[in-house]
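Participant: I am attaching a structure below and will ask some questions about it afterwards.
The values are calculated or read from the model by the stated rules, or taken from the named source; none is laboratory data. Just so it is clear, the structure is predicted and the values come from calculations on it, not from any experiment. Virtual Cβ from ideal backbone geometry, glycine too; neighbours counted across all protein chains shown. Ligands, DNA and RNA are excluded from the accessible area calculation, which covers all protein heavy atoms including side chains. Shrake-Rupley method; radii C 1.70, N 1.55, O 1.52, S 1.80 Å.
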Amino acid sequence: MTPVGSSYSSYIPSAVTTQTARSIAVNDNVPPAEANTRFAPIEQAGEAAVGTAPSDTSRDTELAEAERSKRSRLAKVEAELAQSEQSEIRDLAARDREVRTHEQAHMSVGGQHAGSASFTYQRGPDGRMYAVGGEVPIDTGPVPGDPQATIDKMEQVRRAALAPAEPSAQDRSIAAQAAQLIAQARAEVASTASDTADDKGSVAATAADEEQADASSAGDASSADLSLYRSIAAGNPESAVRAQA
């Protein structure tokens, strides 16, 4: 068989060449040089077919739609998160105002018997610190040796404990303790008043007894003087002396 590249008249295309050059019949006689210029090799023909194929627009559309859906979900989540944070901030701010107003009421009414307020804080989503709890120390001890002063003090303490619009359980406990001390102090005041009245009665009775005794003594002296006068009048000076003695 003659190798490829022989003269034109002796060139016979092989079956492979015939299949590769799609438009050449088996019995066509085409010189090798012309065949190379008229028909591209198999690899180039495949690349040309791929390059000229239409793009997969449906795939691109699906990817774009998926990306839009993802962004939409992310935007929705971010909006919900922002709304939740704003709601939390509003709640914390309202709690902060409530706590500070509550403790300020204690201090205002408690006066000298109340100390300074202290607070418990919580950091909000915005980075700020909000008061979520608080307390005010208050003196609930009685005044030693002075029940009336204890009454006055405990009445103020009780008013201070119940001063906020919504007293806590601890506030009500302090008010109850103050009321108990008030009752005890009043009992002491009543007892002291009763003892004082008894003492005054005893003093009055003693004074009356002394007045009566003085009156009796005066009466006895008057009787003796009268007897002396009668003896002198009767002419019996010796009897008058004895009576005087």
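Participant: Suppose we filter the stretch 87-114 for residues that are free of Cβ contacts under 8 Å to residues at least 24 places away in the same chain and either of a type outside the set (Gly, Ala, Ser) or assigned to a loop (DSSP other than H, G, I, E, B) (or both); how many remain?
Facilitator: The total comes to 6.
Participant: Taking the stretch 138-181 only, how many residues are closer than 16 Å to Val109 by Cβ and open to solvent by less than 70 Å² (accessible area, probe 1.4 Å)?
Facilitator: Qualifying residue count, the stretch 138-181: 19.
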